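Data first, discussion second: the structure below is written as structure tokens.
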Amino acid sequence: MHQDTIRSDFAADVKLIRCEQAGPPLAAALRSWKIAASVALLASGLVGRFSISPSGVPREHGEADVLYHTDGKGHFVPVSWIDGTFLDEEGNPLSTPPYDWGLGVMFRDLNGNGAPDLYVCNDSHSPDRIWINLGRGRFQAIARTAIRKTSLSSMGVDVADINRDGLDEIFVLDMLSRDHQINNVLKAEKKLTSVQQLFLRKLLPSYATSPKIYRNRGDLTFEDRSREWGFSYVGVSQGMCLADLDNDGDLDVVVNNLNGPAGIYGNESSAPRVAVRLKGLPPNTRGIGAKIWLYGGAVPMQSQEMICGGRYLSSDDAMRVFAAGSLTNEMRIEVKWRSGKRSVMNGVMANRIYEIDEVGAAS
Ligand SMILES: [Ca+2]
Ligand SMILES: [Ca+2]
Ligand SMILES: [Ca+2]
């Protein structure tokens, strides 16, 4: 085996590592190659990207994710994984970045301390990561007992209090299709080369399917309302966001479709509602990260967080909508801003859009 081969051929690198695990004689004979391989890996930026599983199978890891910190003036700076910003479950600084197959990501305040936490969806054998925001720019991995299993193929995540008990639930999607034939194709593709995958794609049905929308029945069950609510387009849909496009106080839906026109779905609901926009102090003028509660509407309490980004290649309009229940309900809005201050608005009426200003919020 030649050093150039080690530099350029992943299969050769793995073969070398497995030989070294065979025993001391081989390891001694190949020690110089180990050094060469290490140098090659360092030079090519592949450190941490490969390992051998307990069963002896070579395993490729993803590239390290990057969190970019903005100065609010259009500049972004990558945050280091190993300078004490990120801590492990025991509170020790990470010594290496996690080499995960990162996909979806969402900032939400999961533990209710006012600071946005970070949920990272990871594909393949990488577990999802939940980083609890300790404030002042530090994140700690959530306790191992908090979430004992993750999907290992998660693609997207969202957070909402779906049973209205005041605590947010986490909803994670993985890669599996509702169509078993497509699932079998996905599984088969993982074992093929890229050329073989292209050949297989020509023979088998496409991934085209219709988006789904489910109505929350209020008892932790959901019913498929896709056809009744107009989501009948068949294609490969990816990003999705919510925005009040016609300014009637309800959130319309925009979906992007691979090789197809954008899907724009007007919300024609006539149910009484309350929409809330926030006017935060600069530079957070949309109040991103603020928590909003509506009391006295369709249920005693509803809550949502003002978010920015987090959807796949998409971002919602900075408006949240709540169910008013009845036109005669008199409601109350409370806002907890990122600054920790609170705003309260009493006498809230249905079918109105409220803009709440952080100026005047109480400590
Ligand atoms: Ca938090
Ligand atoms: Ca809940
Ligand atoms: Ca609308």
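Where a number appears in this text, it was derived from the coordinates with a stated rule and is not lab data. This is a predicted model, so every value here is computed, not measured. Positions of Cβ are backbone-derived with ideal geometry, glycine not excepted, and every protein chain shown enters the neighbour counts.
When exposed loop sites are taken as GluC sites (Glu not before Pro) in a DSSP loop with at most 14 other Cβ atoms within 10 Å, the longest stretch of the chain clear of them is 91-227. For segment 276-348, the equivalent ellipsoid derived from the alpha-carbon gyration tensor has semi-axes of 23, 15, 9 Å in decreasing order.
In this simple spin-label model, placing a label point 7 Å from the Cα along the Cα-to-Cβ direction at both Leu313 and Val236 gives a separation of 1.0 nm. For the pair Lys279 and Asp83, label points projected 7 Å from Cα toward Cβ lie 3.8 nm apart. Potential lengthening of the chain between Thr328 and Val359 amounts to 8.2 nm, from the contour at 0.36 nm per residue minus the alpha-carbon distance. Checking the a/c ratio against 1.5 first, then a/b against b/c, what shape does the Cα gyration tensor give for segment 222-363? Because a/c hits 1.5 or more and a/b fails to exceed b/c, segment 222-363 counts as oblate. What you get for segment 248-319, charging only the Cβ of Lys and Arg (+1) and of Asp and Glu (-1), is a dipole of about 320 debye around the Cα centre. Paramagnetic label reach from Asp161 (point 7 Å along Cα→Cβ; backbone nitrogen cut-off under 19 Å): within segment 212-234, residues 216-221.
Contact order for the chain, expressed relative to its length and based on alpha carbon pairs under 8 Å spaced 6+ residues apart, stands at 10 percent. Length available on full extension from Met175 to Asp246: 0.36 nm per residue minus the Cα-Cα distance, which gives 22.2 nm. Over the chain, with a Gaussian network built from C-alpha contacts below 10 Å, which listed residue (Pro283, Pro116, Pro93) shows the highest mean-square fluctuation? Checking each option, the largest mean-square fluctuation is seen for Pro283. Relative to its residue count, segment 110-212 spans a Cα convex hull of 147 Å³ per residue. Rounded to the nearest 0.05, the FRET efficiency derived from the C-beta distance between Thr221 and Leu198 at R0 = 41 Å is 0.50. For the cross-link pairs Lys149/Lys202; Lys149/Lys291; Lys73/Lys212; Lys149/Lys341; Lys191/Lys212, the ones whose C-alpha atoms lie over 32 Å apart are Lys149/Lys202; Lys73/Lys212; Lys149/Lys341. Summed over all non-identical Cα pairs, the Kirkwood treatment of the chain gives a radius of 23.9 Å.
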